[in-house]
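Below you'll find the structure, written out as C-alpha cells, and then a few comments.
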Amino acid sequence: MRVHHFNCGTMRPIGGKLVDGRPGLLRRATLVCHCMLVETGTGLTLIETGMGSPTVTDAARWLGPRFLRTSNPVTDEKETALSRIRALGFDPADVRDIVLTHLDLDHAGGLVDFPQARVHVYDKELDAYRAGNPRYRDVQFRHGPQWKSYADAGDSWFGLDAVRELDGVEGVALVPLAGHTAGHAGVAVDTGSGWVLNAGDAYFFHREIDAEPYCPPGLAMFERRVQTLPGPRRENQRRLRELRRDHADEVTVFASHDLTDFVRLSERSTV
C-alpha cells in the first residue's frame, strides 16, 4: 500500500497568525486542501478531491463569490487533483474510488474530474445534499456522481465506534466524526505500517487535539460559525484527542486544512 499526500487548493484568507498560527498579522494566512492518493491492490483510491479543475477557468460559478471573497483561493491548475495525479505518473481515469469526509465545495469540488469513479460518503451527508442544504454547491454535482453511501454503523476502531470498511476498497474505512456537518466522517487508511486518519474538518488546527488544546482565535471563530452540530463536534474532538494520546504510534491524525500537518506528511509515501 502506497499513500501520496498532496495539496489540491491553497486558500489565502486575511488574518495572518490569527488564522494559521504562524508569525505575522499583516499578511494573508495559508490553508491547504490536503488530499491523498492510495495505491491499493484493486486500483487507485482518492481521498478528498479539493476544489476541482473548474476553479481555474470559472471560479465564481464553481465556488461562489462569497467563498472567493473570504477564502481567496489560489486558482492554479497545478493544484488540481488531476494535475497532481498526472505528476505522479498515473492516469486520472484509473482512479476507481473516491472517499470524502463531507460534501463541502473545497472537499468535493473535484468530483467532476473523475466521473468514472465511485464516490463513498455517509448516508447522512448525501441526504443533506439531496434535501437541498444550501451549504453544498449543486453545480459541483450536476454531472451525476456514482454515489455509494453508508449508514454510520460498523466495528470499533481504536476506541472509536461505528467504523465501516468500504465496499470494494482495500484498507480504507469511514470513521463517523459528525459536527462540522451532520454526516461528516474521517477517512482511515491502513498503510501496512500504521494507520493514517484524515479527520477532515473535525478540527482545523494541528494543536487542537493536543493534550492542551489550542486554536488561533480567528480560526476558532470560523470553526464555530460553520459547524452544524456543536455538541458532537466538541465530543469528537475530545475522542480524537484521546486517539492521539493513546495511539500516536499506530495512528497519524491530520486536519484537512492545516499547513503544519500537510508539510509534515506531504513528503511521505508509505509502502
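The values are calculated or read from the model by the stated rules, or taken from the named source; none is laboratory data. Everything numeric in this text was worked out from a predicted model, so none of it was measured. Note that we place each Cβ from the backbone using ideal geometry, even for glycine, and neighbour counts take in every protein chain shown. To get the accessible areas, we keep the full protein, side chains included, count just its heavy atoms, and leave off ligands, DNA and RNA. Shrake-Rupley method; radii C 1.70, N 1.55, O 1.52, S 1.80 Å.
Consider the stretch 216-227 and keep the residues that are open to solvent by 60 Å² or more (accessible area, probe 1.4 Å) and free of Cβ contacts under 8 Å to residues at least 60 places away in the same chain. The one that is nearest to A199 (Cα to Cα) is R224. Of all residues in the stretch 191-215 being among the charged types (D, E, K, R) and in a loop (DSSP other than H, G, I, E, B), which is surrounded by the most Cβ atoms within 10 Å (Cβ to Cβ)? The selected residue is D201. Among the conditions (1) closer than 30 Å to A173 by Cβ; (2) open to solvent by 60 Å² or more (accessible area, probe 1.4 Å); (3) of a type outside the set (A, V, I, L, M), G50 misses just one, which is (2). Yes or no: the stretch 60-78 includes at least one residue that is open to solvent by less than 10 Å² (accessible area, probe 1.4 Å) and among the β-branched types (V, I, T). No.
The single condition among (1) within 18 Å of the chain's Cα centre (by Cα); (2) outside any loop (DSSP other than H, G, I, E, B); (3) farther than 17 Å from H34 by Cα that A188 does not satisfy is (3).
Working only within the stretch 28-47, note down all residues that are loosely packed, with under 15 Cβ neighbours inside 10 Å and either under 16 Å from P13 (Cβ atoms) or of a type outside the set (S, T, N, Q) (or both). Listed by number, the list holds a single entry, G41. Listed by first and then second residue, the pairs linking a residue in the stretch 147-163 that is more than 17 Å from T101 (Cβ to Cβ) to a residue that is at pLDDT below 85 and open to solvent by less than 50 Å² (accessible area, probe 1.4 Å), with Cβ atoms under 6 Å apart and 6 or more places separating them unless they lie on different chains, are A153/A162.
The helices (runs of 4 or more DSSP H) falling completely within the stretch 55-132 that include 1 or more residues that are free of Cβ contacts under 8 Å to residues at least 24 places away in the same chain map to 65-71, 81-87, 123-130.
Taking the criterion of being open to solvent by 30 Å² or more (accessible area, probe 1.4 Å), aliphatic (A, V, I, L, M) and outside any loop (DSSP other than H, G, I, E, B), the residues of the stretch 228-271 that qualify are L259, V263. With respect to the conditions (1) under 16 Å from the mean Cα position of the chain (by Cα); (2) outside any loop (DSSP other than H, G, I, E, B), F222 falls short on a single one, namely (1). Residues that are open to solvent by 40 Å² or more (accessible area, probe 1.4 Å), part of a loop (DSSP other than H, G, I, E, B) and of a type in the set (D, E): does the stretch 154-164 have at least one? Among the residues of the stretch 154-164, not one is open to solvent by 40 Å² or more (accessible area, probe 1.4 Å), part of a loop (DSSP other than H, G, I, E, B) and of a type in the set (D, E), which makes the answer no.
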